[in-house]
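Asks: Can you read through this structure? Questions will come right after.
The values are calculated or read from the model by the stated rules, or taken from the named source; none is laboratory data. All of these numbers come straight from a predicted model, not from anything done at the bench. Note that we place each Cβ from the backbone using ideal geometry, even for glycine, and neighbour counts take in every protein chain shown. Calculation scope for accessible area: heavy atoms of the full protein, side chains included, ligands and nucleic acids excluded. Shrake-Rupley method; radii C 1.70, N 1.55, O 1.52, S 1.80 Å.
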Amino acid sequence: MTVHLHWFLPTGGDGRTLVDRHAYTDGGITRSRVTPVSGVRAPDIEYLAQIAKAAEQLGFEAVLTPTGTWCEDAWLTTVALAKDTERLKFLVAFRPGVLSPVLAAQMAATYQRITRGRLLLNVVTGGDSTEQRRFGDHLDHDRRYARTDEFLSVVRGVWSGKPYDFDGTHYQVEGGLTALPPDPLPEIFFGGSSAAAGPVAARHTDVYLTWGEPPEQVKKKIDWIRGLAEAEGRTVRFGIRLHTISRDSPKEAWATAHRLLDDLDADTVAAAQEALGRSESVGQQRMLALHGGSRDDLVVAPNLWAGVGLVRGGAGTALVGSHAEVADRIEEYHALGVEHFVFSGYPHLEEAYWFGEGVIPDLAARGLLSRIPASPLAGVPAANGRPASAPGGAPLLVAGGR
């Protein structure tokens with residue numbers, strides 16, 4: 001089993017700070033208690049194309065695109081970026097409750113033909129009722145997962161290419177059909193830590209995705225989902241969602257992590273924690289429990305830092321350390337059964353290069369990658385005794401300022 005590496009498209013904006021659109025107070029409408037943001041990069045298509053091209057060049061297999069109020073639409077953004085890339089896949093996040101399952105199946109089929117098979121699906125059931133109501137969804141947490149169960153049953157049913165009937169609590173479909181089914185079928189990624197989520201993952205998901213908890217907690221999740229899937233006669237693969245700060249030395253990496261915290265004042269952290277604490281997501285509550293809103297003990301496992309989760313919802317931990325140390329932690333998770341790794345960093349363009357030029361060659365040397373792309377600068381004469389692009393070297397854009 002080799003490792004599949006994926007990166008992240010920040011369609012809600014990017015920058016050199018953790019204080020972005022993820023740090024909000026009353027559901028993201030006002031920001032009166034949040035530190036003013038500077039240096040934020042707009043998620044315009046030109047900047048996102050830079051990240052996508054870098055990810056493809058460096059050897060990432062796909063990029064995850066988020067969904068929600070503060071993001072550009074994932075379907076439209078990524079299909080536009082397909083023109084700027086050749087092999088890169090797009091892990092498109094979407095909410096099943098606001099889209100017809102037959103339409104979603106048709107969209108996926110069209111997407112596969114347009115991109116020649118580069119679609120992956122990330123099903124986001126939703127753990128915040130305030131956010132769900134913005135999209136007209138008024139179901140509670142457990143009923144949302146029950147609806148997702150039906151949604152995925154319909155999607156897989158109509159992908160058969162034959163008329164499909166379904167009579168459920170949330171969907172009634174007569175003769176549902178995708179006349180030209182997607183080829184290949186997109187893999188379905190799905191996450192959820194609640195009792196309501198587990199059976200849905202076991203019945204439908206190809207890859208169960210968890211946020212970056214300490215290895216012992218991740219192992220318990222894997223064992224839980226694996227057992228549920230076996231009872232359904234299925235096999236599920238596993239992935240993990242993490243940030244990364246990888247540098248030539250541990251000192252440099254931790255200095256970068258501490259700089260990110262220096263941008264946060266107590267009011268900003270308190271406002272973000274108050275908002276995130278209202279989430280119905282069990283996974284979000286597990287993220288918050290790692291640090292309890294305190295800066296005092298943010299290293300929750302070797303090289304696993306929970307500082308991002310002080311202000312950011314969702315994935316709140318980062319692998320921090322030298323390139324070799326980050327590779328060690330990836331190998332540790334891989335030994336537990338994790339196959340897919342979805343990474344991100346601040347800013348996403350520069351951090352892609354730090355990881356791609358530092359960690360990816362190390363993983364390849366350990367035999368954990370099936371392939372590693374040749375550097376586009378291979379054969380370029382050295383400058384000042386150093387190759388123009390060397391593994392473990394500086395990123396393409398050198399960090400400066402804050």
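Asks: Go through region 91-106 and give me each residue that's under 15 Å from the mean Cα position of the chain (by Cα) and assigned to a loop (DSSP other than H, G, I, E, B).
Replies: Within region 91-106, ARG95 is the sole residue that qualifies.
Asks: Starting from region 217-232, keep only residues that are touching a residue at least 24 places away in the same chain (Cβ under 8 Å) and within 11 Å of ARG203 (Cβ to Cβ), then list their pairs with residues that are open to solvent by 60 Å² or more (accessible area, probe 1.4 Å) and polar (S, T, N, Q) whose Cβ atoms are within a distance under 9 Å, requiring at least 6 positions of separation or different chains.
Replies: As it stands, the answer is ALA229/THR235, since those pairs meet every condition given.
Asks: Let me ask another. Can you go through GLY321, GLY345, GLY313 and tell me which one is surrounded by 20 or more Cβ atoms within 10 Å (Cβ to Cβ) and modelled with pLDDT under 95?
Replies: Numbers: GLY321 fails: modelled with pLDDT under 95; GLY345 fails: modelled with pLDDT under 95.
GLY313 is the lone residue from the list that is surrounded by 20 or more Cβ atoms within 10 Å (Cβ to Cβ) and modelled with pLDDT under 95.
Asks: Moving to a separate point now. Among (1) touching a Phe, Trp or Tyr at 6+ places or on another chain (Cβ under 9 Å); (2) open to solvent by 10 Å² or more (accessible area, probe 1.4 Å); (3) modelled with pLDDT under 85, where does GLY283 come up short?
Replies: With respect to (1) touching a Phe, Trp or Tyr at 6+ places or on another chain (Cβ under 9 Å); (2) open to solvent by 10 Å² or more (accessible area, probe 1.4 Å); (3) modelled with pLDDT under 85, GLY283 is out only on (2).
Asks: Suppose we filter GLY192, GLY157 for residues that are open to solvent by less than 80 Å² (accessible area, probe 1.4 Å) and over 24 Å from the mean Cα position of the chain (by Cα); which single one remains?
Replies: Exactly one residue qualifies, and that residue is GLY157.
Asks: Counting only residues that are among the charged types (D, E, K, R) and part of a loop (DSSP other than H, G, I, E, B), which one in region 107-155 is farthest from LEU276 (Cα to Cα)?
Replies: ARG116
Asks: Give the number of residues within region 246-257 that are touching a helix residue (DSSP H, G or I) at 6+ places or on another chain (Cβ under 7 Å) and either at positive phi or open to solvent by less than 10 Å² (accessible area, probe 1.4 Å) (or both).
Replies: So the count comes out to 2.
Asks: Okay, next question. Checking TRP75 against (1) outside any loop (DSSP other than H, G, I, E, B); (2) closer than 16 Å to PRO43 by Cα; (3) in contact with a Pro (Cβ under 7 Å, 6 or more places away or on another chain), only one condition comes out false. Which one?
Replies: If we test TRP75 against (1) outside any loop (DSSP other than H, G, I, E, B); (2) closer than 16 Å to PRO43 by Cα; (3) in contact with a Pro (Cβ under 7 Å, 6 or more places away or on another chain), just (3) comes out false.
Asks: Based on this model, can you work out whether THR110 counts as more than 22 Å from the chain's Cα centre (by Cα), of a type in the set (Val, Ile, Thr) and farther than 20 Å from SER344 by Cβ?
Replies: yes
Asks: Same structure again: What about ALA364, is it in contact (Cβ under 8 Å) with a residue 24 or more places away in the chain and over 16 Å from GLY239 (Cβ atoms)?
Replies: Spelling it out, it is not the case that ALA364 is in contact (Cβ under 8 Å) with a residue 24 or more places away in the chain and over 16 Å from GLY239 (Cβ atoms).
Asks: Go through TYR145, TYR111, TYR171, TYR164 for me and flag whichever is under 22 Å from ILE45 (Cβ atoms) and hydroxyl-bearing (Ser, Thr, Tyr).
Replies: TYR111
Asks: Which residue out of LEU288, LEU260, LEU242 is open to solvent by less than 10 Å² (accessible area, probe 1.4 Å) and within 21 Å of THR125 (Cα to Cα)?
Replies: None of the other options fit; the residue is LEU242.
Asks: Next question. Taking the options VAL326, VAL359, name whichever one is modelled with pLDDT of 95 or more, more than 19 Å from TRP211 (Cα to Cα) and either touching a Ser or Thr at 6+ places or on another chain (Cβ under 7 Å) or polar (S, T, N, Q) (or both).
Replies: So the residue among VAL326, VAL359 that is modelled with pLDDT of 95 or more, more than 19 Å from TRP211 (Cα to Cα) and either touching a Ser or Thr at 6+ places or on another chain (Cβ under 7 Å) or polar (S, T, N, Q) (or both) is VAL359.
Asks: Mind telling me which of the residues ALA202, ALA266 ends up being more than 20 Å from ALA318 (Cα to Cα) and in contact with a helix residue (DSSP H, G or I) (Cβ under 8 Å, 6 or more places away or on another chain)?
Replies: That would be ALA202, the only listed residue that is more than 20 Å from ALA318 (Cα to Cα) and in contact with a helix residue (DSSP H, G or I) (Cβ under 8 Å, 6 or more places away or on another chain).
Asks: Take the conditions open to solvent by 20 Å² or more (accessible area, probe 1.4 Å), in contact with a Leu (Cβ under 9 Å, 6 or more places away or on another chain), over 16 Å from GLY307 (Cβ atoms) and of a type outside the set (Val, Ile, Thr) and apply them to GLY277. Does it pass? Reasoning before the result, please.
Replies: Details: open to solvent by 20 Å² or more (accessible area, probe 1.4 Å): yes; in contact with a Leu (Cβ under 9 Å, 6 or more places away or on another chain): yes; over 16 Å from GLY307 (Cβ atoms): yes; of a type outside the set (Val, Ile, Thr): yes.
For GLY277, the condition - open to solvent by 20 Å² or more (accessible area, probe 1.4 Å), in contact with a Leu (Cβ under 9 Å, 6 or more places away or on another chain), over 16 Å from GLY307 (Cβ atoms) and of a type outside the set (Val, Ile, Thr) - is met.
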